[in-house]
Amino acid sequence: MTKKIEGIAASTGIGIGSLFSMKMETEFILRESIPDKQIPKELKRFDRAVKKSIKELEAIRQRVEKNRGKASAIILDTLILLLKDKELIDTIKEIIKEEKVRSEWAIHLVRLKYERIFEEFDNEYFRDRINDINDALNRLLESLKRKDVKEKVFPENKPVVIIADDIPPSEIASLITKENLKGVILTKGGLNSHSVILLKAFEIPAVINIKAELSEIYDGAEVIVDGIEGEVIFEPTLATKKEYLNKKEQYEKYLLELKSVKELPSETMDGYPFRIMANIELPEEVELALSFGAEGIGLFRTEFLYLFSDKEPTPEEQEKLYTTVLEKMNGKPVVIRTVDIGGEKKSAFFTIGKEDNPALGLRGIRYFIKNPQILTEQIRAILRAGKKHRVKILFPMITEVEEIREIKEIVNKIAKEENINRNDYDLGIMVEVPSAALIIDKLAREVDFVSIGTNDLIQYTLAVDRGNPSVNYLYKAVNPAILKLIKNVADEGRKAGIEVQICGEMASNPIFAMILLGLGINSISMSPIAIPLVKRTLRASCIRNLKKISKKALNLSSADEVKEFVIESFLKSCPKTLFENINLIK
Ligand code: PEP
Ligand code: MG
């Protein structure tokens, strides 16, 4: 039966495929079919679960009776009786046999049956007894949880949509390169998590935070992921599928039309120039970035070297990769960021150990200051690749001045060994830890450029885990606290005479990009797919207005006030057509 579930649009586009579930603990019940010969085994598995549940309940019952008396234990008696009820147990077993399904699905069907029966009762007391049945069935489901589930094999020969609670970057890395992966649905996840960033980079439509509420889903069911509206449609009718195929075509046409803006100059209506660049995750994305009109690579994340491969890259391989990117960009600026491992980005190549608080732990440059070998090799490879084409090297997670001084010593030593002049390359730092934004006047003296990483700057300033849906509501890029930090970096960067860029996802939202321009940042980098709409939006605005609006926004009290105020002001001062498709790029 067709079922539409809402979530948050995380990666634009529309994908259609057959459902493949991975690592789910959320209360989705899967209809898993089993072959005839497996039925006796499944019945035994079910019997074991019943026995286990009864045993557990009896133990609890004894404890309760001992501590609180017989009367308190009555509810447990009811549950035990239910699990010993022949009719209930036989009905479930019949379904397993007749429908050839796993116990979980049979329990789900029985639950639906009883819910329908109990709904009919007039008497509220009887109606509420369904809760006891639900309790007993939930116990059974709990006892059925399989710890030994075998790794399922990703289907290779048909379009697939993955559903999971969340997928860490190390796992998503091996999935997104599969051509038949058409969409991803997550019950959890954060809009600015690295996994979502990777999905966007690979243009895989994704909807996150979908509500699980007892939905019936099963592997192999046809599903549509609408990453524009943030909806998922399970088992669409033919008419619905047609409607979405049409929407997909319209969206692709719209993107194509939007891309034509790349031929036009990057300047506002009143002639203020800006530069719009791409964030890439893999060297292969360069062509895509250029096709969307990127004027440079503002952030080349190099975690792929370790996340996408099971063997360590040699210095020669690295040099070759960087050279390829620099050659393809043909003189346009390229910022290569050294590996930002740690936090949620785990890799077997690094011995970080278990941390209680990985986001605040040995991440990015912190790891390499303690273990400089991998960083030294990477810097050497970048410098060698940069002999023919000027290169910019960016260091992540800088917290204090000493770190960049130490790093500069390492770079200078390698440059000397390689006979490379210090003036032939640029060194920069990510401003993504609040302390760096606050002491930027001091840090700016040490480097040639800075790049604001709003993904982490928001996470660390507002103390909201970028991947945690429970606190997503606080993750607001235009919180005045964030705007103030950005303004401080822009002002101090200008005073120090160095370039200030933004490479956080914030810039890919056209409204936020206007605010950033108004705050004095005119070099922005984002997911390639977001470039055309942001460019079109900025070209249609006037810097005089943007400056006025952003100045006022800085003094408002909350992110919601800022959003309301800037949207209203932009609507007044910019052409209406600008906002028609603004929700298309997330
Ligand atoms: C950022 O933090 O904004 C950033 C660009 O880096 P990453 O998303 O890779 O942490
Ligand atoms: Mg970051």
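Quick notes on this one:
- Considering the range 33-101, the qualifying helices (runs of 4 or more DSSP H), each wholly inside and each with 2 or more residues that are among the polar types (S, T, N, Q) and loosely packed, with under 13 Cβ neighbours inside 10 Å, run over 39-68.
- Whichever residue in the range 491-528 is of a type in the set (Val, Ile, Thr), within 24 Å of the chain's Cα centre (by Cα) and surrounded by 24 or more Cβ atoms within 10 Å (Cβ to Cβ) and, among such residues, is farthest from ligand 1 (Cβ to nearest atom): 515
Listed here are the residues, each with its yes/no results for (1) of a type in the set (S, T, N, Q); (2) outside any helix (DSSP H, G or I).
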site: 204; (1), (2): no, yes
site: 255; (1), (2): no, no
site: 259; (1), (2): no, no
site: 279; (1), (2): yes, yes
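- Unmet criterion (only one of (1) under 29 Å from the mean Cα position of the chain (by Cα); (2) outside any loop (DSSP other than H, G, I, E, B); (3) of a type in the set (D, E, K, R)) for residue 356: (2)
- Residues satisfying the stated conditions in the range 294-309, i.e. part of a loop (DSSP other than H, G, I, E, B) and either buried (at least 22 other Cβ atoms within 10 Å of the Cβ) or touching a residue at least 12 places away in the same chain (Cβ under 8 Å) (or both): 294, 295, 296, 301, 302, 303, 308
- Summed over the range 493-550, residues that are within 16 Å of ligand 2 (Cβ to nearest atom) and among the polar types (S, T, N, Q) total 4.
- A count restricted to the range 435-461 and to residues that are crowded, with 18+ Cβ neighbours inside 10 Å, within 15 Å of ligand 1 (Cβ to nearest atom) and assigned to a helix (DSSP H, G or I) stands at 10.
- Residues of the range 341-353 that turn out to be part of a loop (DSSP other than H, G, I, E, B), within 13 Å of ligand 2 (Cβ to nearest atom) and free of Cβ contacts under 8 Å to residues at least 60 places away in the same chain, as a count: 2
- Residue pairs whose Cβ atoms lie under 6 Å apart, separated by 6 or more positions or on different chains, with the first residue in the range 450-477 and assigned by TED's automatic domain parsing to the domain that holds residue 493 and the second assigned to a helix (DSSP H, G or I) and among the acidic types (Asp, Glu), are 455/505.
- Answer residue from the range 531-585, given it is at pLDDT below 90, within 29 Å of the chain's Cα centre (by Cα) and outside any helix (DSSP H, G or I) and is surrounded by the fewest Cβ atoms within 10 Å (Cβ to Cβ) among those: 580
- Residues considered: 355, 319. Of these, the only one that is out of contact with any His (no Cβ under 9 Å at 6 or more places or on another chain) and within 23 Å of residue 166 (Cβ to Cβ) is 355.
The values are calculated or read from the model by the stated rules, or taken from the named source; none is laboratory data. This one's a predicted model, so the numbers in the text were calculated from it and none came from an experiment. No Cβ is skipped: glycine too gets one built from the backbone with ideal geometry, and neighbour counts run over all protein chains shown.
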